[in-house]
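Values in this text are rule-based calculations from the coordinates and carry no lab data. Computed from a prediction, not measured in an experiment: that's the story for all the values here. Ideal geometry is used to build each Cβ from the backbone, glycine not excepted, and the neighbour counts take in all protein chains shown.
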Amino acid sequence: MPPPVPSQSIPNYMVWSILITVASLCLCCIVGTIPGIVAIVYSSQVNSKLNAGDLAGATQASSNAKLWCWITTGLCILGLLLNIVWVATGGAAQYMEMMQQLQQAQP
C-alpha cells in the first residue's frame with residue numbers, strides 16, 4: 001500500500017539551494033559553499049521523506065533547508081560586498097603589481 005499523499009505541499013528549496021551555492025562559490029569561495037552544500041542535502045531529504053510518508057521529517061528537512069539557504073544567501077551577499085570594496089579600493093591593481101614584482105624577482 002502506497003504511503004498517504006500529504007494534503008499540503010512542502011517546499012524543498014532545491015533550486016534556491018543549488019543556485020545560491022553556485023553563486024557563493026563564485027563570490028566568496030568555500031565560506032559560502034559549505035552551508036550551501038548543507039542546504040542541498042536538506043533539500044534532497046524533503047521529497048524522499050515525503051515519499052516514505054514521514055510528514056514531520058519532511059517538514060523539518062524543509063525548514064532546515066530554508067534556514068541554510070538564508071545563511072548561504074547572507075554569506076553570498078557579504079562576499080559580493082567584499083568583492084565590490086576590494087575592486088573599488090584598488091585591490092586588483094595592487095594584486096597584479098605584486099604578482100609582477102614576484103615574477104621579476106625570479107631568475
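Legend: P(r) of the range 14-105 from all alpha carbon pair distances, 10 Å bins from 0, whole percents, reading 19, 31, 22, 14, 8, 4, 1. Among the DSSP helices (H) of the chain, those spanning at least 27 angstrom by Cα along their long axis with an average Kyte-Doolittle hydropathy of 0.0 or more are 30-51, 55-88; this is a geometric and hydropathy rule only.
Can you give the extra length, in nm with one decimal, that the chain gains between A93 and Q60 once fully stretched, where that is 0.36 nm per residue apart less the Cα-Cα distance?
Here the segment from A93 to Q60 would lengthen by 7.2 nm.
Note on W86/I37: beta-carbon distance plugged into 1/(1 + (r/R0)^6) with R0 of 25 Å gives a FRET efficiency of 0.50.
Annotation: extensible slack from L25 through Q101 equals 24.5 nm (criterion: 0.36 nm per residue apart, minus Cα-Cα distance).
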